[in-house]
Amino acid sequence: MVTGAFGYTGRYIAKRLLAAGAPVKTITGHPDRAHTLGGNIEVAPLDFEDQDGLARSLEGADVLYNTYWVRFARGTTTFDTAVSNSRALIRAAERAGVRRLVHISITNASSESGLPYFRGKGLVEEAVATSDLSYAIIRPTVIFGPEDILINNIGWVLRRFPVFAVFGSGDYKVQPVFVEDVAEIAVAAAQHDATETIDAVGSETFGYEQLVRLVAAAVNSRARIAHVSPAVAMWLSRVVGYIVRDVVVTRDEIDGLMAGLLVSEGPATGATRFSEWLEQNAESIGARYTSELSRHYR
Ligand SMILES: NC(=O)c1ccc[n+]([C@@H]2O[C@H](COP(=O)([O-])OP(=O)(O)OC[C@H]3O[C@@H](n4cnc5c(N)ncnc54)[C@H](OP(=O)(O)O)[C@@H]3O)[C@@H](O)[C@H]2O)c1
């Protein structure tokens with residue numbers, strides 16, 4: 001069982017499982033989304049109110065790959081509801097007798113964090129750790145790959161605007177990891193029963209401005225890089241957000257990046273080099289805007 005098999009990370013996990021001949025089922029809020037995963041996927045609804053239904057849909061599943069999370073609070077969806085929904089999913093997996101939970105978290109998740117995204121992820125990690133399930137927690141940094149949001153939309157802005165706003169000094173670090181590498185780590189973690197927490201991190205670490213400049217070079221952007229305060233960056237992102245009808249970046253994401261939370265102190269676990277992937281995919285990066293609101297709310 002993969003949550004969000006027609007979404008981003010879940011898609012690559014599902015693809016890998018299907019390629020290995022494993023039957024895949026998904027819990028998703030988008031049952032009709034077109035996919036090219038190369039196999040049949042049984043679909044169950046993502047309905048956290050229906051505990052019995054959730055447990056029933058998990059019956060017979062050997063492994064639950066949980067990618068469920070929300071990028072920001074919107075309407076009735078908050079980080080608190082995302083935490084309680086995640087707890088509901090874990091309880092349903094316990095009831096259904098799932099053998100192993102492979103849970104996708106984020107680097108430096110902590111229930112002590114002042115940032116709601118990282119705090120919520122920390123609380124869910126605690127719920128995973130105190131469950132009856134055998135588990136692995138996979139903690140990616142920023143995930144890159146086709147259809148990613150952050151790198152693609154940096155490219156999109158760089159292609160279209162004369163100035164690119166870098167918040168703060170731009171020297172805080174980021175260590176992107178390839179989406180296929182995250183999927184590989186997740187699937188490998190399901191193969192045994194040891195309790196483990198693994199940072200999913202690429203082999204290259206960049207300063208944020210350095211990364212923006214690499215993307216700029218790849219997409220032949222002549223945009224000037226300007227340093228602005230996080231408050232000004234938020235204001236600018238709202239202007240761009242108004243144009244594209246999306247939430248371009250959140251204050252949590254800016255603060256998380258600036259606090260250096262998207263790097264790992266451990267060894268690299270993803271082999272794909274961001275700089276090489278960037279070169280090979282330069283044409284498509286930022287060619288079209290990737291919208292979070294279209295993906296999950298429209
Ligand atoms: N993307 C990154 O750069 C990154 C970095 C570090 C960690 N992570 C973690 O990796 C996991 C997967 O991230 P992703 O970017 O690949 O996400 P995603 O595919 O866009 O979404 C993952 C799952 O969450 C559900 N979901 C997302 N937003 C929702 C909303 N507003 N309301 C209801 N359901 C929602 C999706 O539902 P549907 O099935 O309906 O689409 C899907 O099942 C998350 O736990 C995230 O915290 C991501």
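The values are calculated or read from the model by the stated rules, or taken from the named source; none is laboratory data. As the structure is a computational prediction, the values presented were derived from the model and not from experiment. Note: ideal-geometry Cβ built from the backbone for every residue, glycine included; neighbour counts use all protein chains shown.
Some observations on this one:
- Pairs with Cβ under 6 Å, 6+ apart, first in segment 24-37 and within 21 Å of V63 (Cα to Cα), second part of a strand (DSSP E or B) and near the ligand (Cβ under 7 Å from one of its atoms): I27/T3
- Screening segment 277-294 for residues that are surrounded by 12 or more Cβ atoms within 10 Å (Cβ to Cβ) and part of a helix (DSSP H, G or I) and picking the one that is farthest from the ligand (Cβ to nearest atom) gives E279.
- Just one of the listed residues (E180, E196) is under 29 Å from L123 (Cα atoms) and within 16 Å of the ligand (Cβ to nearest atom), and it is E180.
- Verdict on L262 being within 16 Å of the ligand (Cβ to nearest atom) and farther than 28 Å from T28 by Cα: no
- Residue selected from segment 123-144 under the condition over 14 Å from R87 (Cβ atoms) and either modelled with pLDDT under 95 or near the ligand (Cβ under 9 Å from one of its atoms) (or both), by the criterion surrounded by the most Cβ atoms within 10 Å (Cβ to Cβ): P140
- Scan of segment 100-122 for residues that are part of a helix (DSSP H, G or I) and crowded, with 21+ Cβ neighbours inside 10 Å, ordered by number: Y117, F118, G120, K121
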